[in-house]
Structure formats: C-alpha cells, structure tokens
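Since the structure comes first, as structure tokens, the remarks are kept for the end.
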Amino acid sequence: MKKISIAIDGPASSGKSTVAKILAKKYGFIYCDTGAMYRALTYAALRFDVDFEDDAGLVALLAEQPISFKAAETGQRVFIGDLEVTTEIRQPDVTNAVSIVAKQPLVRQEMVRLQQKIGEAGGVVMDGRDIGTQVLPNAEVKIFLVASVTERAERRYKENQEKGITTDFETLKKEIERRDYLDSTREVSPLVQAKDAVLLDTTGMTIESVVAAIENIVNTKE
Ligand code: C5P
C-alpha cells in the first residue's frame with residue numbers, strides 16, 4: 001500500500017473517528033484524531049484555569065503542556081504533559097467548551113502546524129473539520145462524512161451509555177447542533193466540504209459499509 005494521506009472531515013458524531021481508526025489499522029497507517037487535540041487543550045485550559053477566549057494564553061499553555069498520543073488497541077491514548085486525559089477529554093464539560101477554544105486563530109495556527117508535522121511523511125488517516133481544506137490540502141483521498149442529526153445523536157447516546165455517561169437524548173441533540181453551528185460559522189477555517197472531497201451520507205449505513213465505501217475510493221487512487 002502506497003503511503004497516501006486520507007483526510008476525513010465532517011460534523012460532530014458523524015462517525016469519522018470510528019472509520020478512520022479501522023482504515024488506519026487496515027492500511028498500517030498513522031491515525032490522528034485532531035478533535036482529540038482541541039479537546040486536550042480545552043481540558044488543560046479548565047485544569048490550569050486559562051480563559052477559553054485567551055488565544056495567546058492557550059497557545060502558551062499548549063507549549064507548556066504538549067499534547068501527545070500513544071497507540072493503544074482501542075485507538076489512541078491522549079496525554080497533556082505527563083498526564084493521561086483519554087477519558088477526561090470526552091466528558092461534557094470539555095465537549096461543550098471545545099468549539100470556543102477551537103475558533104481562536106492562534107490556537108488553530110499552532111494546531112495545524114502540529115498536525116502537518118504528524119502527516120508530513122504520508123501514510124496517515126487524519127480526521128477533523130479542516131483536514132481536507134487546511135491541514136492536508138494535497139491529501140490523495142478526501143472524504144466529507146455527514147449523517148442526520150437524529151442519527152448522530154442516537155449514535156452518541158449509545159456510545160455514552162456504553163461508557164457509563166448519563167445524558168438526555170434531546171440535550172445531546174441540541175449540543176450537537178450547537179457545536180455544528182459554531183464550527184461551521186467561525187471565521188477561521190470553518191467546517192466546510194473541500195471542493196475535491198467525496199461526500200458520504202452515512203445515515204442508515206453500518207460502520208462496515210462506510211469503511212467499504214471509503215476503501216473503494218482509496219482503490220481508485222492506487
Ligand atoms: O472531532 P471532535 O468532535 O472530537 O472534535 C471536537 C471539536 O474540536 C469540534 O467540535 C471542533 O470545534 C474542534 N475541531 C476543529 N478542527 C478539527 C478537529 C476538531 O475545530 N480539525
């Protein structure tokens with residue numbers, strides 16, 4: 001398998017990381033969950049008391065508490081400095097604040113730089129909001145994954161239940177809509193489909209069929 005780059009973008013809970021993980025494993029590629037990086041910085045801001053709007057302060061925090069990943073059977077473990085935050089970054093306090101941190105221009109500039117470094121040698125599956133447009137504009141394969149908001153909320157509800165996180169379905173749906181709104185309307189690199197990305201609506205599709213659809217697209221690039 002040639003060491004290509006696969007960029008997967010889309011709104012919240014559209015299944016990006018689930019399929020990205022499976023594809024990375026299949027191809028023996030690096031998997032990079034860029035959302036986890038914004039989440040880790042948000043968690044660090046909460047813990048070290050840095051304001052979510054303090055762009056320069058957040059970048060300084062990122063330098064003091066560098067984000068790192070360790071591959072694990074379940075995907076990847078996430079660290080800030082020496083502290084593991086894999087579980088903490090999925091909690092509602094982080095989820096509800098992350099879009100504010102992610103719209104800060106200097107934060108984005110630094111994150112994009114870090115992500116480009118991770119992807120520079122190719123052989124990567126990277127998921128996020130601006131991978132096809134900003135981070136890896138030359139990626140050989142670009143996918144834009146969408147699904148209805150009801151289905152995305154249902155998936156997230158089940159996932160939360162499995163993790164023992166209690167959530168109200170309607171609240172979850174509203175939170176997803178709010179995050180999509182913030183991510184799509186921010187000034188710096190908003191969530192948009194790259195011109196050369198393939199749109200895949202996964203409403204009603206199984207994970208296996210989404211993976212197969214992307215594999216078909218990858219095969220045309222071989
Ligand atoms: O992918 P996930 O839902 O974990 O991402 C969390 C948040 O991080 C998004 O709602 C968005 O605000 C931000 N994000 C971003 N750009 C990326 C990845 C994530 O702005 N490339």
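Below is a table of values for the structure above.
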| quantity | calculated |
| --- | --- |
| Simple label model, 7 Å out from Cα along Cβ direction - ASN138 to LEU46, nm | 3.9 nm |
| Three principal axis lengths of the chain [C-alpha, angstrom, descending] | 48, 40, 35 |
| Order of LEU23, LEU61, LEU114 under a 10 Å beta carbon neighbour criterion, fewest first | LEU114, LEU61, LEU23 |
| Within segment 123-168: Cβ-based charge dipole about Cα centre, in debye rounded to nearest 20 (Lys, Arg +1; Asp, Glu -1) | 20 debye |
| Other-chain or far-sequence residues with amide H under 5 Å of GLY128's (modelled H) | ILE8, ASP9, GLY10 |
| Phi-based couplings in Hz for segment 69-74 (Karplus 6.51, -1.76, 1.60; Gly and Pro marked x) | 10, 10, 5, 9, 4, 7 |
| Cross-link pairs LYS3/LYS117; LYS21/LYS195; LYS26/LYS117; LYS117/LYS221; LYS103/LYS158 - those with Cα-Cα distance over 18 Å | LYS21/LYS195; LYS26/LYS117; LYS117/LYS221; LYS103/LYS158 |
| Distant-in-sequence amide H partners of ARG186 (H built 1.01 Å from N, under 5 Å) | LEU191 |
| Dipole moment magnitude, nearest 20 debye, segment 27-182 about Cα centre, only Lys, Arg, Asp, Glu C-beta charged | 360 debye |
| Overall form of segment 94-222 per C-alpha gyration tensor (a/c, 1.5; a/b vs b/c) | oblate |
| DSSP beta bridge pairing in the chain, given as percent antiparallel to the nearest 5 | 30 percent |
| Gain in span if fully extended, ILE100 to GLU215, counting 0.36 nm per residue against the direct Cα distance | 38.0 nm |
| Furthest towards positive pole of dipole, LEU114, ASN138, SER209, structure part segment 113-210, Cβ charges | LEU114 |
| Phi to ³J(HN,Hα) by Karplus 6.51 cos²θ - 1.76 cosθ + 1.60 over segment 173-190, Hz, x for Gly, Pro | 4, 5, 5, 5, 4, 5, 5, 4, 4, 4, 5, 7, 10, 5, 6, 8, 5, x |
| Rough spin-label spacing in nm, given labels placed 7 Å along Cα→Cβ, for ASN160 and GLU177 | 1.5 nm |
| Viscosity 1.567 mPa s, 4 °C: Kirkwood-radius Stokes-Einstein D of segment 1-109 over Cα pairs, µm²/s | 88 µm²/s |
| Extended-chain gain in nm, criterion 0.36 nm per residue less alpha-carbon gap, GLU73 and GLN116 | 13.0 nm |
| Residue exposure sequence - TYR181, TYR157, TYR31, TYR43 - by fewest surrounding Cβ within 10 Å | TYR181, TYR157, TYR31, TYR43 |
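Just so you know, all these numbers are worked out from the coordinates, no wet-lab data involved. Just so it is clear, the model here is predicted, and its values are computed rather than measured. Methodologically, a virtual Cβ is constructed for each residue, glycine included, from the backbone with ideal geometry; neighbour enumeration extends over all protein chains shown.
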